[in-house]
1. Which ones in the range 150-181 are open to solvent by less than 10 Å² (accessible area, probe 1.4 Å) and in contact with a helix residue (DSSP H, G or I) (Cβ under 7 Å, 6 or more places away or on another chain)?
2. For the subset of the range 263-285 comprising residues that are in a helix (DSSP H, G or I), of a type outside the set (A, V, I, L, M) and over 15 Å from residue 180 (Cα atoms), which member is nearest to the ligand (Cβ to nearest atom)?
3. Quick one: would you say residue 19 is in contact with a helix residue (DSSP H, G or I) (Cβ under 8 Å, 6 or more places away or on another chain), more than 10 Å from the ligand (Cβ to nearest atom) and part of a loop (DSSP other than H, G, I, E, B)?
4. (1) in contact (Cβ under 8 Å) with a residue 24 or more places away in the chain; (2) within 16 Å of the ligand (Cβ to nearest atom); (3) surrounded by fewer than 19 Cβ atoms within 10 Å (Cβ to Cβ): which one isn't true of residue 242, the others all being true?
5. List the number of the failed condition for residue 170; all other conditions in (1) in a loop (DSSP other than H, G, I, E, B); (2) touching a Pro at 6+ places or on another chain (Cβ under 7 Å) hold.
6. Restrict the check to the range 48-65 and report whether at least one residue is more than 9 Å from the ligand (Cβ to nearest atom), touching a residue at least 60 places away in the same chain (Cβ under 8 Å) and assigned by TED's automatic domain parsing to the domain that holds residue 128.
7. So if I check each of 53, 72, which one is assigned to a helix (DSSP H, G or I) and farther than 24 Å from residue 135 by Cα?
8. Taking the options 260, 219, name whichever one is open to solvent by 50 Å² or more (accessible area, probe 1.4 Å) and either closer than 20 Å to residue 94 by Cβ or outside any helix (DSSP H, G or I) (or both).
Amino acid sequence: MKRVGFIGLGNMGLPMASNLLKAGIEINAFDLSTDALRKAEDLGMITKTSAIEVLEDIDALITMLPNNIAVENIFLKENLLGEINKNVIIIESSTISPQVSKNVSKKAADMDIAMLDAPVSGGVKGAELGTLTFIVGGNDDHLKKATPLFEIMGDKTFYAGRSGSGQIAKLCNNMLLAIHMCGTAETIAMGVNSGLDPTILSEIMKNSSGGNWSLEKYNPFPGVMKEVPASNDYSGGFLNSLMLKDLNLAEELATQSESNTPLGKLAKEIYEELNNQGFENLDFSSVQKNYLD
Ligand code: NAD
């Protein structure tokens, strides 16, 4: 692919686009934020003044937007689907509602336009290092066409099923992530309150049946691991506001699929409270704060 359009150059989008650029692909870039556009220009991307302009001479379009509304605005209100060349493949990588994702993909399919939902896991670090995991829904032939781009921006690509499936799998993953992070934080606190050293306790649990990703890679207790947000005042990482967004989407999915998710609901309430306390811009491991003196 020679040129890719990229809309949404925030914490995730900018480093993802930057990795494509480093791999020799030209980027038509657009974001509502002038600051984001300036950064994109400084990196050598071709900045545009509207989403429609991004469509000039591209082989693929990637969107990395904050929420449902932004995705609907771009594809439906601003009528990108009506303007895009039918040879262009659309990779919609924002985390949004599976239903919205399906609706937009269906409209694209009706117009003979290839569209994948491809939300990511791996966070800002993964975006910077090009080690994201793409979780893809849609037609598997379209996935084959998009694979060279996924391989530049990520390490792993999983095909989850038809349109919307990528979003469903992503929400399942993030609900579980929230649950084991909350469980890990309260458990370490109980051990520490009972006189144990958090590092020793974490090491024991990591190597026992309580082992999980939060313990292995992202310990929420300050000082246990060096390179994680917990040891840096919970700054950076995956924000509480984004985790709450995903838990709300997961709750919606549970309702639609008539699934009983009591722990998912509880995790949502815990993250709601953290956001209400003004911690929306802290990393999601800051749930540990609830259990620190
Ligand atoms: P962000 O808020 O940093 O970036 C979003 C960008 O989109 C902003 O620069 C904003 O100006 C731009 N934008 C919003 N509406 C727009 C529009 N209509 N047209 C053009 N630009 C528009 O968010 P992020 O952290 O980069 O996350 C992007 C998506 O990736 C979200 O859906 C998020 O849930 C998901 N995600 C984030 C992480 C993470 O760790 N940050 C991890 C996995 C997935």
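The values are calculated or read from the model by the stated rules, or taken from the named source; none is laboratory data. In this text the structure is predicted, and so the values were computed from the model without any measurement. As a convention, Cβ positions derive from the backbone with ideal geometry for all residues, glycine included, and neighbour counts pool all protein chains shown. Only protein heavy atoms, including side chains, enter the accessible area calculation; ligands, DNA and RNA are left aside. Shrake-Rupley method; radii C 1.70, N 1.55, O 1.52, S 1.80 Å.
1. 153, 164, 167, 171, 174, 178, 181
2. First, the residues of the range 263-285 that are in a helix (DSSP H, G or I): 263-276, 284-285.
Add one more test, that the residue is of a type outside the set (A, V, I, L, M), and what stays is 264-265, 268-269, 271-273, 275-276, 284-285.
Now restrict to residues that are over 15 Å from residue 180 (Cα atoms): 272-273, 275-276.
Values: 272: 16, 273: 20, 275: 14, 276: 19 Å.
Residue satisfying both the conditions and the ranking: 275.
3. No; evaluated as a whole, the condition is false for this residue.
4. Here residue 242 clears every test but (3).
5. (1)
6. Scanning the range 48-65 turns up at least one residue that is more than 9 Å from the ligand (Cβ to nearest atom), touching a residue at least 60 places away in the same chain (Cβ under 8 Å) and assigned by TED's automatic domain parsing to the domain that holds residue 128.
7. 53
8. Answer to the selection: 260.
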